[in-house]
1. Which of rounded, prolate, oblate describes the chain, given a ≥ b ≥ c as roots of the alpha-carbon gyration tensor eigenvalues and a/c under 1.5 marking rounded, otherwise prolate only if a/b is larger than b/c?
2. Apply 1/(1 + (r/R0)^6) to the Cβ-Cβ distance of Val287 and Thr81, taking R0 = 51 Å, and write down the FRET efficiency to the nearest 0.05.
3. Please state the charge dipole magnitude for the stretch 210-263, taken about the Cα centre, from unit charges on C-beta atoms (+1 on K and R, -1 on D and E), reported in debye and rounded to the nearest 20.
4. Between Ala379 and Asp27, what is the spin-label point distance in nm, taking each point 7 Å from the Cα along the Cα→C-beta axis?
5. Just give me a number: lysine pairs in the chain, eight or more positions apart or cross-chain, with C-alpha atoms less than 28 Å apart.
6. Net charge near Ala46: determine it from the other residues with C-beta under 14 Å of the C-beta of Ala46, scoring Lys and Arg +1 and Asp and Glu -1.
7. What is the gain in length, in nm to one decimal, between Leu299 and Gln113 on full extension, counting 0.36 nm per residue of separation less the C-alpha to C-alpha distance?
8. Starting from the Cα of Ala364, step 7 Å toward the Cβ, then list every residue of the stretch 116-155 with an amide N under 16 Å from that point.
Amino acid sequence: MKRVSILGATGSIGRNTLDLIARRPADYRVVALTGGRNIAALAQAATSLGAEIAVTAHDDLLGDLRDALAGSGVAAAAGATALEEAAARPADWVMSAIVGAAGLRPGLAALEQGATLALANKESLVAAGPLVMAAARRTGARVLPVDSEHSAIFQALAGEDPAAVRRVVITASGGAFRDWPLADLARATPAQAARHPNWDMGQRITIDSASMFNKALEMIEAREFFGFDPDRIEVVIHPESLVHALVGFCDGAMMAHVGTPDMRHAIGYALNWPERAELPVAPLDLVQAGQLTFRAPDLERYPALRLARAVMARGGLAGAGFNAAKERALDHFIAGRVGFPAMSEMVEAVLDRLDRQPGRLDGAVTLESVREIDQVSRALADDIAKEQAE
Ligand code: NAD
Ligand code: MG
């Protein structure tokens, strides 16, 4: 019987995780489920799976959550501290599927209690990779990747000598605007950006796929999780989204991970690791797929990829600044305050301003320094959004 908690249980990754757990109820005991504003979905999942506690991130919704859970035997809590406490409840396996830097502290709390952390929340590695990985080393807790590309790399590396790796290729669909004329991007709307060609994901990551900020985060995630040299991390556009990543070795062999685009594969791999188990994932019909195509990403269309390389070269707190500026730029785009291309301009300008403040990006990566850079970067992004609007 595995004790499991899901942070971000009401989101896209969270719902897919609940689906796998609900299919094998005898194998799991659900400890904590967390969510945001969708109280009905949170309460429904917690009640049907018999969770110990359900937690909403929003203090003002505690009353609603209590009402929704009345008589169910599931405890209710709300707020940022309650989220961390939920993650710290004794469990064997914790899914980190909150979106954004808000996932960092709860994820660390899960590692501190020694639980295996299934990490979908790539932002915590981008903002504070050394902190997360050090917490895992200190407590002996495992971090298992859930991002499909990183799960693919992890699987391709199983049983291999890391010293034999020469290159890692992460694939990208190219997102909603892959084939749009560049000149049209300035008029792209959030609704258009939120249509992914192949994957069904949350709104924020889907828009980040159109800008390839998602791929930029994933390059940094690969560096932080596996320790790869940035020069060995490559990105190719693969419109079919069937090859998730490839690892190249010193003898020229490349191990590719191939499968249908269904996050329940990567989630299930992390849930069952080190074993493999049957999963409700459709088998890939290669003949029907017909062909796998690849092309180089155009850095003019996807400046985020260039910024990711600059962030990795800069090191220190640059990842925390990059992630926060990106989150804020995305807020501004979703709210209709800035255009689509303005997001990468805003992030680049934030990084430039941070870099011009002596020592600003050089400190050790601690919870405190990450929090401070995060706040400063969001404020700078707001200033720049105002300047762009003028
Ligand atoms: P989503 O928006 O569908 O769900 C996010 C979840 O986090 C929800 O439960 C929401 O209530 C909660 N949440 C949002 N803001 C919060 C806050 N400030 N504090 C606490 N909880 C908050 O997102 P998603 O697509 O499921 O993505 C979750 C994470 O997984 C992200 O880090 C994303 O990059 C990563 N990821 C997602 C996919 C995918 O297929 N959706 C694939 C790879 C990686
Ligand atoms: Mg991914």
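Quick note: the coordinates plus some simple rules give every number you see, no bench work behind them. What you are looking at is a predicted structure, and each value in this text was computed from that prediction instead of being measured. Here the Cβ positions follow ideal geometry from the backbone for every residue, glycine too, while neighbour counts run over all protein chains shown.
1. It is rounded, given that a/c, with a ≥ b ≥ c, falls under 1.5.
2. Plugging the Cβ-Cβ distance into 1/(1 + (r/R0)^6) gives 0.40.
3. 60
4. 4.9
5. Counting lysine pairs in the chain gives 6.
6. Once positives and negatives cancel, what remains is +1.
7. Length difference between fully extended and current span is 62.8 nm.
8. Those under the cut-off are 128-138.
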